[in-house]
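Worksheet: the structure to be examined is printed underneath.
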Amino acid sequence: MNPRQDPVRPGPASPITVIVDGSAVRGLAGQTVAGVLLAAGRLAWRTTRSGRPRGVFCGIGVCHDCLVTVNGLADVRACQRRAADGDTVSTEDEA
Amino acid sequence: MKVVVVGAGIVGAAIARELAMAGVSVVVLDRSASAGGTSAAGEGNLLVSDKGPGAELSLALRSLTLWRSLLPEVADTFPSIEYETKGGLVVATTDAGAAALRAFADLQRTAGVSAAEVDGLDYEPDLNSAHTAAIFYPQDAQVQPAIATEALLAVARRHGASVRQGVEVLGPLRGGDRLTGVATSGGDVSGDHVVVAAGPWSGEVARRLGVELPVRPRRGTILVTTRMRQRIRHKVYDADYVGAVGSDDAALQTSSVVESTAAGTVLIGSSRERRGFDERIEARVLSAVAAKALVLFPFLAGVAVMRAYGGFRPFVPDHLPVIGPDPRLPGLWHATGHEGAGIVLSTATGELLGDLLLGRAPRVPAEAFAVDRPTLRPHLEPSPDQ
Amino acid sequence: MSAETPDVLVVGAGPAGLAAADAARRAGARVVLLDAAGDAGGQYWRHLPASRPAAAERVLHHGWDRFAALRGQEVLTDAQVWLAERHDDRPPTLHVLVGPADGSDRVRRTFAPTTLVLATGAYERTLPFPGWDLPGVFTAGAAQALAKAERIAVGRRVVVAGAGPFLLPVAASLVRTGAQVLGVLEANGWRRLARAWSARPAELLSTRHKAGELAGYVRDLARHRIPYRTGTAVVAAHGTDRVTSVTVARLDADWAPVMGSERRVPADAVCVSHGFVPRTELAVSAGCRLTRDGGVRTDENGLTSVPGVYAAGEITGIGGADLALAEGVVAGLAAAAAADPAGGGISAGQRRDRTVNQRFAARLEAAHGIRPGWVGWLADDTVICRCEEVTAGDLRAGAAATGSRGLRSLKLSTRAGLGVCQGRVCGRTVEDLLNRHTGGLLDAGRTETRPLAAFVRLGELAAGADKEEPA
Ligand SMILES: Cc1cc2nc3c(=O)[nH]c(=O)nc-3n(C[C@H](O)[C@H](O)[C@H](O)COP(=O)(O)OP(=O)(O)OC[C@H]3O[C@@H](n4cnc5c(N)ncnc54)[C@H](O)[C@@H]3O)c2cc1C
Ligand SMILES: Cc1cc2nc3c(=O)[nH]c(=O)nc-3n(C[C@H](O)[C@H](O)[C@H](O)COP(=O)(O)OP(=O)(O)OC[C@H]3O[C@@H](n4cnc5c(N)ncnc54)[C@H](O)[C@@H]3O)c2cc1C
């Protein structure tokens with residue numbers, strides 16, 4: 001949420017850049033890959049076998065709906081993996 | 001005629017189908033649910049590539065013919081049994097292995113197996129290019145073994161068989177010196193014949209019925225990867241597979257069998273180890289299986305494994321199935337001991353048992369599978385450690 | 001690979017594990033506390049990472065001071081236990097990968113502790129409904145986790161629905177993360193809630209801490225004018241590639257939707273939770289017996305059916321963070337004492353704490369447990385297994401075609417539960433539905449068997465070949 005209105009009064013955080021399907025997306029150090037994607041306004045990124053979109057469902061690493069490919073390695077839970085500056089993320093399409 | 005089949009695994013299912021189609025009244029009993037034992041705990045390779053000339057190969061070749069011919073029976077009423085004739089590629093990774101593999105293939109050709117030396121990379125572009133020989137076996141096929149079991153049972157039911165789940169065989173019903181049925185947790189079930197097809201538990205069931213049968217479990221563990229774009233097109237094995245199947249060694253052995261399934265996952269098998277009915281999954285076994293698979297397909301290193309599972313291959317000391325009547329107890333029949341090939345061999349096993357029981361001429365040499373064959377006879381007495 | 005041999009190994013650094021490790025350390029034991037997550041705190045005290053400091057993080061939390069006191073201990077983070085090798089007469093050997101989640105070059109470590117405390121917590125159970133696989137449908141816990149650890153609201157106009165008091169803190173966090181909460185919908189009616197919550201009021205006094213926390217949330221809803229509706233559920237979510245509205249319906253006492261009560265509510269997110277499932281894969285692999293509800297069975301010291309293996313927190317049953325803390329203290333002390341019999345014991349007060357909080361857990365189940373009528377909101381084409389996209393109709397057809405009464409066989413023929421989550425999300429639901437279709441499964445409970453607790457890369461596995469000794 002907007003840090004100026006945030007009741008937890010966040011301090012400064014360092015920016016990072018992640019390449020998602022070829023485009024640069026800005027995030028904050030300490031965010032998960034899912035956090036970066038959601039904060040950038042993306043709700044879904046994986047496509048199931050039948051072609052349906054999926055994103056975060058459980059948020060705690062159980063449902064595996066949010067799998068992404070990170071730096072060429074497939075099947076990483078976006079909600080569990082902390083994003084690192086310069087990470088290359090590609091979305092997975094099983095259709 | 002009424003026949004009681006003990007065990008609703010793939011062997012019991014194939015027998016039930018065969019007999020029911022021949023008009024026999026069949027009841028299948030299983031202490032658990034159908035397709036809940038070994039037939040749901042392994043892979044569904046229908047292989048000839050791993051078998052040398054002999055009785056087992058004849059049974060396997062006949063089985064492949066039967067698998068093809070029964071497909072229409074299960075085509076529309078069932079989820080697909082995932083029958084695929086994708087062929088097997090056996091790969092050697094050492095010079096000695098290459099020589100042994102070529103010699104083995106030469107022998108197999110004399111017995112009706114198609115085997116062609118090929119450039120492995122033409123068949124599997126992601127194969128380790130450092131391999132030393134590759135032989136392609138076009139007859140090798142696969143099914144999904146649990147669905148295949150259920151499909152065979154469904155055909156049997158359509159022909160009047162009944163399948164009773166949750167019914168455990170506890171002991172014999174006898175009339176004079178004949179077996180006339182079985183006592184079960186669900187009451188007595190009588191029959192003119194009783195066929196024990198209880199997989200690795202067949203020895204225990206036989207003992208309950210009053211005879212010794214040396215069937216023992218041989219543990220196997222398999223890894224399942226996440227779904228991926230298909231990069232493995234055939235069934236691919238390392239040539240060590242050929243050695244491990246016939247080996248008597250109790251210690252852990254592994255040889256790679258790598259195949260992709262209709263669901264998109266890759267199955268990586270498997271280990272062989274004699275350790276009773278010990279179900280534990282151990283890191284050392286998983287590591288050994290994984291290491292072998294990477295020798296074939298280095299790209300798999302980054303692939304995620306999501307499950308490990310395993311079962312117990314039913315084996316007998318001379319590594320041949322036991323199919324036929326038990327001369328020690330009239331009315332008792334066996335169909336077991338298929339070790340790592342029970343899925344492929346189930347169809348011809350059902351047919352052979354039907355031939356013998358119904359007095360038809362067997363289409364494969366039956367003596368090799370007889371209970372009292374010379375190589376098994378010494379093992380039919382209770383061993384002192386039991 | 002040579003195994004490390006602490007006196008006490010604690011798996012899970014949520015409230016239960018933190019309390020257990022702290023108590024065991026105070027009793028003088030050599031303790032290793034590890035967690036798969038990048039930070040200690042578990043689900044309850046999930047918080048912003050150190051790289052994003054905040055001045056007033058406690059506004060999102062209860063018991064933050066207790067956490068502040070507990071989090072000072074050494075925690076091995078990013079440490080995923082992926083396999084527990086059973087030994088029956090002693091704790092299992094645990095295999096751990098240390099490094100970024102689902103990475104490929106993590107460091108393998110092996111532990112053969114004298115005693116083991118499993119504190120792996122629970123995850124949510126969400127009942128399926130038409131459209132629940134649309135983006136924008138979340139578990140309530142996801143909303144909570146994203147709010148606490150990322151400061152992200154899952155939507156702008158959000159409906160919170162399901163069953164249980166957990167819906168209340170989720171609504172509270174959403175509001176504090178900038179979302180508008182359109183309503184909190186509890187499936188159970190007032191009558192059931194009142195009966196369970198007002199019985200034996202004296203008992204609740206001793207858990208006044210917990211009761212006070214809940215009362216606080218209720219006041220919070222009122223302050224933000226968020227309606228709390230009982231006997232009501234989200235029975236469908238609509239949209240093409242994301243949620244744009246939901247159907248809300250009244251439920252009868254058995255959770256069957258009341259015909260004609262449906263209405264559409266525009267919303268861009270819905271957060272749903274119907275309870276929790278203990279995370280038992282390691283316990284099952286270790287050989288621990290489970291209770292009928294699927295939690296790990298323990299004695300009053302937290303000892304499981306396996307010698308030397310203790311369990312604490314939501315892995316033993318669902319009762320909230322206070323119970324997790326109380327159980328953690330007792331299990332930690334017992335584990336330390338068992339590892340070194342010369343050490344101290346457990347006080348009567350510590351045991352009482354545990355019992356009092358357990359009564360609270362029983363009340364939770366009585367008030368909020370799932371009722372069978374929910375299947376009334378399923379359609380034939382409703383997805384049940386999200387991973388393999390197996391529908392309610394597929395399950396019924398699979399059972400009819402095979403005639404099998406085996407969960408194992410039916411999973412293999414329908415593919416329900418065979419996908420990437422390994423039945424964690426759908427497992428219990430699949431069992432429930434198949435029980436109905438088969439007249440009773442003969443091998444129920446199998447979904448809890450998952451030898452691998454997490455993904456492992458083949459290369460990571462292979463790296464251990466030759467180095468492994470039989471344990
Ligand atoms: C890891 C592994 C991989 C394998 N891969 C292959 C492969 O690729 N290709 C291949 O062809 N084969 C393979 N096999 C071998 C194959 O799975 C077996 O040979 C085959 O499943 C045996 O079938 P069955 O019907 O004899 O036994 P099961 O399927 O075990 O059926 C026996 C049934 O008997 C029941 N039973 C036991 N005791 C009693 C009792 N007292 N009363 C009533 N019922 C009882 C059991 O509940 C069980 O359902 C593999 C095996 C393993 C373990
Ligand atoms: C998403 C979510 C959010 C929740 N939010 C709240 C809330 O706001 N308020 C509330 O009252 N209750 C909440 N709960 C309920 C919560 O589970 C309990 O109140 C409390 O956290 C239980 O504590 P615990 O220590 O038993 O387990 P947890 O807090 O769940 O801790 C378990 C820990 O074990 C670790 N772990 C599990 N398996 C492994 C493994 N194989 N290897 C290594 N580590 C492992 C996990 O990473 C986790 O950190 C929430 C539950 C969930 C699922």
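The values are calculated or read from the model by the stated rules, or taken from the named source; none is laboratory data. Everything numeric in this text was worked out from a predicted model, so none of it was measured. Positions of Cβ are generated from backbone atoms using ideal geometry, with glycine treated the same way; all protein chains shown enter the neighbour counts. What goes into the accessible areas is simple: the full protein's heavy atoms, side chains included, and nothing from ligands, DNA or RNA. Shrake-Rupley method; radii C 1.70, N 1.55, O 1.52, S 1.80 Å.
Would it be correct to say that C:Arg191 is under 30 Å from C:Gly369 (Cα atoms), within 12 Å of chain A (Cβ to nearest Cβ), away from ligand 2 (no atom under 15 Å from the Cβ) and open to solvent by 30 Å² or more (accessible area, probe 1.4 Å)?
Numbers: under 30 Å from C:Gly369 (Cα atoms): yes; within 12 Å of chain A (Cβ to nearest Cβ): no; away from ligand 2 (no atom under 15 Å from the Cβ): yes; open to solvent by 30 Å² or more (accessible area, probe 1.4 Å): yes.
No; evaluated as a whole, the condition is false for this residue.
If you go through the range C:52-62 one residue at a time, do you hit one that is more than 11 Å from ligand 2 (Cβ to nearest atom), closer than 20 Å to C:Leu452 by Cβ and open to solvent by less than 60 Å² (accessible area, probe 1.4 Å)?
Looking only at the range C:52-62, we keep the residues that are more than 11 Å from ligand 2 (Cβ to nearest atom), and these are C:52-59.
Still in the list and also closer than 20 Å to C:Leu452 by Cβ: none.
No, because not a single residue in the range C:52-62 is more than 11 Å from ligand 2 (Cβ to nearest atom), closer than 20 Å to C:Leu452 by Cβ and open to solvent by less than 60 Å² (accessible area, probe 1.4 Å).
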#### Entry: Of the criteria (1) touching a residue at least 12 places away in the same chain (Cβ under 8 Å); (2) surrounded by 17 or more Cβ atoms within 10 Å (Cβ to Cβ); (3) away from ligand 2 (no atom under 16 Å from the Cβ), which one B:Phe277 fails
(2)
### Task
Kindly state which strands (runs of 3 or more DSSP E) lie completely within the range B:142-261 and contain at least 2 residues that are within 13 Å of chain C (Cβ to nearest Cβ), in contact (Cβ under 8 Å) with a residue 12 or more places away in the chain and open to solvent by 40 Å² or more (accessible area, probe 1.4 Å).
B:162-165
### Task
Determine which member of the set A:Cys58, A:Cys79 is more than 7 Å from chain C (Cβ to nearest Cβ), within 22 Å of C:Gly103 (Cβ to Cβ) and assigned to a loop (DSSP other than H, G, I, E, B).
A:Cys79
### Query
Got a number for residues in the range B:8-53 being open to solvent by 10 Å² or more (accessible area, probe 1.4 Å), away from every other protein chain (no Cβ under 11 Å) and near ligand 1 (Cβ under 10 Å from one of its atoms)?
6
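Given the range C:207-286, what strands (runs of 3 or more DSSP E) lie entirely inside it while holding 2 or more residues that are buried (at least 20 other Cβ atoms within 10 Å of the Cβ) and in contact with a Leu (Cβ under 8 Å, 6 or more places away or on another chain)?
Working: elements: C:228-230, C:232-238, C:245-250, C:263-266, C:269-273, C:276-278.
Output list reads C:232-238, C:269-273.
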### Summary
Taking the range B:55-70 and keeping only residues that are open to solvent by 40 Å² or more (accessible area, probe 1.4 Å) and either in a strand (DSSP E or B) or of a type outside the set (D, E, K, R) (or both), one is left with B:Ser58, B:Leu61, B:Thr65, B:Ser69
### Message
Can you tell me which condition C:Leu146 does not meet? The list is (1) in contact with a Gly (Cβ under 8 Å, 6 or more places away or on another chain); (2) closer than 20 Å to C:Ala321 by Cβ; (3) modelled with pLDDT of 95 or more; (4) more than 14 Å from chain A (Cβ to nearest Cβ), and all the others hold.
### Response
(4)
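Give C:Ala161, C:Ala153 a once-over and let me know the one that is closer than 27 Å to A:Asp6 by Cβ and surrounded by fewer than 24 Cβ atoms within 10 Å (Cβ to Cβ).
On the way: C:Ala161 fails: surrounded by fewer than 24 Cβ atoms within 10 Å (Cβ to Cβ).
Result: C:Ala153 is the single residue among C:Ala161, C:Ala153 that is closer than 27 Å to A:Asp6 by Cβ and surrounded by fewer than 24 Cβ atoms within 10 Å (Cβ to Cβ).
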### Query
Checking B:Asp76 against (1) closer than 30 Å to B:Ile232 by Cα; (2) outside any strand (DSSP E or B); (3) touching a residue at least 12 places away in the same chain (Cβ under 8 Å), which single condition isn't satisfied?
(3)
### Query
Name the residues in the range C:400-431 that are open to solvent by 10 Å² or more (accessible area, probe 1.4 Å) and more than 9 Å from chain B (Cβ to nearest Cβ), would you?
C:Ala400, C:Arg424, C:Val425, C:Arg428, C:Glu431
#### Entry: From B:Ala98, B:Ala75, residue being modelled with pLDDT under 95, open to solvent by 10 Å² or more (accessible area, probe 1.4 Å) and out of contact with any helix residue (DSSP H, G or I) (no Cβ under 9 Å at 6 or more places or on another chain)
B:Ala75
### Task
Sort out which residues of the range A:1-35 are touching a residue at least 12 places away in the same chain (Cβ under 8 Å), surrounded by 15 or more Cβ atoms within 10 Å (Cβ to Cβ) and at the interface with chain C (Cβ under 9 Å from one of its Cβ atoms), and write them in order of number.
A:Ala13, A:Leu28, A:Ala29, A:Gly30, A:Gln31, A:Thr32, A:Ala34, A:Gly35
#### Entry: Condition check for B:Arg328: open to solvent by 10 Å² or more (accessible area, probe 1.4 Å) and within 16 Å of ligand 2 (Cβ to nearest atom)
no
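Of everything in the range C:372-385 that's out of contact with any helix residue (DSSP H, G or I) (no Cβ under 9 Å at 6 or more places or on another chain) and open to solvent by 10 Å² or more (accessible area, probe 1.4 Å), which residue is nearest to A:Thr48 (Cα to Cα)?
First, the residues of the range C:372-385 that are out of contact with any helix residue (DSSP H, G or I) (no Cβ under 9 Å at 6 or more places or on another chain): C:373-374, C:376-377.
When the remaining residues are screened for being open to solvent by 10 Å² or more (accessible area, probe 1.4 Å), the result is C:373, C:376-377.
Values: C:Gly373: 30, C:Gly376: 27, C:Trp377: 24 Å.
Step by step, filter the range C:372-385, then rank; the result is C:Trp377.
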### Message
One residue is enough: does the range C:165-181 have a residue meeting the conditions out of contact with any Phe, Trp or Tyr (no Cβ under 9 Å at 6 or more places or on another chain), more than 9 Å from chain A (Cβ to nearest Cβ), crowded, with 22+ Cβ neighbours inside 10 Å and outside any helix (DSSP H, G or I)?
### Response
yes
### Summary
Among residues of the range C:299-317 being more than 17 Å from C:Pro91 (Cβ to Cβ) and within 8 Å of ligand 2 (Cβ to nearest atom), the residue nearest to the other protein chains (Cβ to nearest Cβ) is C:Glu314
### Query
If you check C:Val234 against the conditions, is it more than 23 Å from the chain's Cα centre (by Cα) and modelled with pLDDT of 95 or more?
no
### Query
Any idea which of C:Gly373, C:Gly345 is of a type in the set (Gly, Ala, Ser) and either without any contact (Cβ under 8 Å) to a residue 24 or more places away in the chain or in a strand (DSSP E or B) (or both)?
C:Gly345
